[in-house]
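The values are calculated or read from the model by the stated rules, or taken from the named source; none is laboratory data. The model shown is predicted, which means the values in this text are computed figures rather than measured ones. Every residue, glycine as well, gets a Cβ built from its backbone with ideal geometry; the counts of neighbours run over all protein chains shown.
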Amino acid sequence: VFITGCRPTRMVPANERLLTKMTINKEVKSISEDDLLGYIKQKPNRKILVFFRFHLAVYNFSHSGKERKWKNKLGDIVGEEPVIFDPYQTQKSCDQIRRYLISKGYPDARVSFDTVPLRSKKIHLTYRISEGNPLLIEKMHYLINDEKVQQYILDDTLNSLLKPGHILDIDVIQNERNRITSLLRNKGYYFFSRDDINYKADTTQIPHRVILTTEVFTNKDSTYAARSTYQLNSINFFVDFDPKKAMELGNEYFTQFNMTEYKGYRFFHSGKLLYHPKVLLRAISMQPGQLYTQKYVNASYRGLTSLKTFRLVNLQFSDTGYNVTRENRMLDAFLLLTPLPRQSYQIEAVGTHSSGNLGVGGNLIYQNRNTFRRAEILDIKLHGAIERQTVAIEENDEQLQEFLPFNSMEIGGESSLFFHTFLFPFTPEKFNIVHHPKTTLTAAYNFQQRPDFSRTISNVTFGYVWEGKNPNQKHFVNPIEINFVQLPFVSKKFRNSIRGTFLENSYTDHLVALGSYTYSVSELHPFGSRDIIFFRSTVESAGNILNTAAPYFNLNKNEDSIYTVLKSPFAQYMKFESDFRYFKNLWFGQKLVYRLFAGLGYPYGNMKVLPFEKRYYCGGANSIRAWQVRSLGPGSFGNPGTRYANQTGDIKLEANLEYRFKLFWMMEGALFVDAGNIWDIYKQEDRETGVFNPETFYQDIAIGTGLGLRFDFSFFIFRFDWGLKVRDPSMPAGSRIIIGDGQLSRGDHAFNIGIGYPF
């Protein structure tokens, strides 16, 4: 029955036609097609997987055959009525588009439409848009009834968005009004608003030219306050403000607080003042006596929010009613801060699925948001998990334990402390105000028990985080990070099986002492306001100081002539990686996501191999999804049938393309293509085909495709991805194209479960 529902015109009445295709033909590229779509009344029924009108098919199915409640409900929730072509609605769309084009500076614009009727009650629609001659700005005049304001505006005309030769665009005019408003509010004009600015356009002088006049304070409604500049009088913090009680009690509520004064600022609190005033002052950019400046108010809001200890941050100002000088009036500032609970506990139960292994785990999380009265955030996390590893176990393996029905265990803890400043060296107050720096201290310990080995990982990190001039830019510097990995037990059977192979280096004690810098940015694409770009790049260096100091401190060497610390060799390497993502928004909530990743780890000096945890791998839920995690590469190397899927490399190149679309309710779908691989820098005897060759590396590129299903629960996304191999570089030359050969095997596809989007 559903097949009949797939016929799109099934529910189209006689003498009517289903709108199946719509195109827009326009002359000027400066007008975005995405902007025009908002004025079109009728659009074809949405598609998924590029061509299939799923929602229309569900609607047709729900209205075919015998009536059933469940079918009606399905049609209401998932279905979409057929879009029946309506000439009246189409003409209205033409009128709307023309009005929009006039507002964009094309008064002679013409909009019409053509239709092409097809068989099976379908129709194609084309909008034809001729913009005509644009209306250009010939001259700019200013009429400003205030000498001081006039001086501010004229001195800043270099930054004006309206200039002779530009098209007269209403949106640009609105943006210019906002720019001037922001300019004056940063000069002390607290009550100045965009309504105090008007524009007059004279189009009678020259054809297709306009003389534009900017008028300020010409309205009769312009107030004395709008023409006045303001200074900040008092700055008042209410550090435990309760908005509900404030509404119930009115002004009486504000008489119940105790007051503490610190460096000219006033702090109102019920009971003991829970925050040291210094940390709150460090977060704001305002000072008593300072000229009111909107950008400082915005920075203060961001600074207080960045403390992550307040649920609500509200900044209000009140005119005191008197002047401090002939020119400036006074404002009292009120910073109403509603704190989050100081301490919180959380218990989480989680399910795990990695490399085909199922498991369960749990986390106990404690957080203190004001540890030492300076809004420090202390996080303590204890976690444990058990998992079933699908490997064969010999009964006589020494010290080998099974946790039936699970045979692997992991327990650990992590503690992090965040300070809202640089601990050292000393940083100037202006840097604190603009960049909101933070210092992080982290210590972690993890114990892993596997069927063939046990491992402990200890970590200590000292780092800095701060914002760029743009809050979307972040800088991360970890001058000190130490990882100490030990394997107290490795079964004889397992050790013998990896002896002399590339895997042997992955199961040895080692120390990593490193420093790193990461830069990340996420912002709207400059050429498409609906699109988002994300970029992150990291540089990491390890072991250089230890290797330089080793001869002077007489560090011991092991049997391989490698320097050791605490009887463990230390790694020495440089590592570089970059991750670029582009999110392209389409119709009906659809999205195209592009991702490029490149990483290189170069080991040298004390150890000619990267530590296992620093090496790259491919496959799994967040990589090339047609392969199980760590089962691809390096290069054209293949290790079929191995018990230990653990392929890693020094170099990684990966590209991903994912098409995401809404289905219904909280369900989303995806169609994806992944490509890439990993490689070794140094040739290894047991996998010589895994080394990177700049002339032939493209022959080692693996390609996979597949489908995904996601459940968006708002606070997290649960994801299923099924990947199918298209090209497998580990196969013999001439047999690497997998899809389409008609001989798919169990290993030619993979099923992945993940939390969140893959990228």
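Test of understanding: among Val111, Val28, Val116, which residue is part of a loop (DSSP other than H, G, I, E, B), aliphatic (A, V, I, L, M) and either over 37 Å from the mean Cα position of the chain (by Cα) or surrounded by fewer than 18 Cβ atoms within 10 Å (Cβ to Cβ) (or both)? Full working, then the answer.
On the way: Val111 fails: part of a loop (DSSP other than H, G, I, E, B); Val116 fails: part of a loop (DSSP other than H, G, I, E, B).
Every option except Val28 fails the conditions.
Show me the helices (runs of 4 or more DSSP H) found entirely inside the range 186-296 where at least 1 residues are in contact with a helix residue (DSSP H, G or I) (Cβ under 8 Å, 6 or more places away or on another chain) and under 30 Å from Arg311 (Cα atoms).
Because the criterion is at least 1 residues that are in contact with a helix residue (DSSP H, G or I) (Cβ under 8 Å, 6 or more places away or on another chain) and under 30 Å from Arg311 (Cα atoms), the helices (runs of 4 or more DSSP H) in the range 186-296 that meet it are 243-249, 277-283.
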Screening Arg719, Arg736 for residues that are farther than 24 Å from Lys575 by Cβ and without any contact (Cβ under 8 Å) to a residue 24 or more places away in the chain leaves only Arg736
Considering only the range 1-47, how many residues are small (Gly, Ala, Ser), farther than 20 Å from Glu80 by Cα and at pLDDT 80 or above? 1
List, please: which pairs have Cβ atoms under 6 Å, are six or more places apart or on different chains, and start with a residue in the range 106-118 that is outside the structural domain of His208 (by the TED database) and closer than 14 Å to Thr23 by Cβ and end with one that is of a type in the set (Ser, Thr, Tyr) and surrounded by 14 or more Cβ atoms within 10 Å (Cβ to Cβ)? Phe113/Thr90; Phe113/Tyr127; Asp114/Thr126
Of the conditions (1) surrounded by fewer than 18 Cβ atoms within 10 Å (Cβ to Cβ); (2) at pLDDT 85 or above, Asp650 fails just one. Which one is it? (1)
So Ala225 passes all but one of these: (1) of a type outside the set (Lys, Arg); (2) at pLDDT 95 or above; (3) under 13 Å from Tyr292 (Cβ atoms). Which condition number does it fail? (2)
Do you know which of the residues in the range 539-563 that are touching a Phe, Trp or Tyr at 6+ places or on another chain (Cβ under 7 Å), assigned to a strand (DSSP E or B) and crowded, with 17+ Cβ neighbours inside 10 Å is modelled with the lowest pLDDT? Tyr563
Please go through the range 129-160 and give me each residue that is under 38 Å from the mean Cα position of the chain (by Cα) and not in a loop (DSSP other than H, G, I, E, B), ordered by number. Ile129, Ile153, Thr157, Leu158, Asn159
Listed residues Ile48, Ile40; which is touching a helix residue (DSSP H, G or I) at 6+ places or on another chain (Cβ under 9 Å), in the same structural domain as Leu101 (by the TED database) and under 21 Å from Gln91 (Cα atoms)? Ile40
Read through the list (1) at pLDDT below 95; (2) within 26 Å of the chain's Cα centre (by Cα); (3) surrounded by 13 or more Cβ atoms within 10 Å (Cβ to Cβ), then give the number of the only condition that Leu400 fails. (2)
Tell me the residue from Gly635, Gly704, Gly676 that is surrounded by 16 or more Cβ atoms within 10 Å (Cβ to Cβ) and not in a strand (DSSP E or B), please. Gly635
Answer yes or no: is there a residue in the range 169-184 that is surrounded by 15 or more Cβ atoms within 10 Å (Cβ to Cβ), in contact (Cβ under 8 Å) with a residue 24 or more places away in the chain and farther than 30 Å from Ala333 by Cα. yes
Report, ordered by the first and then the second residue, all pairs with beta carbons closer than 6 Å, sequence separation of six or more or different chains, a first member in the range 125-151 that is closer than 21 Å to Asn198 by Cβ, and a second member that is among the small types (Gly, Ala, Ser). Leu135/Gly105
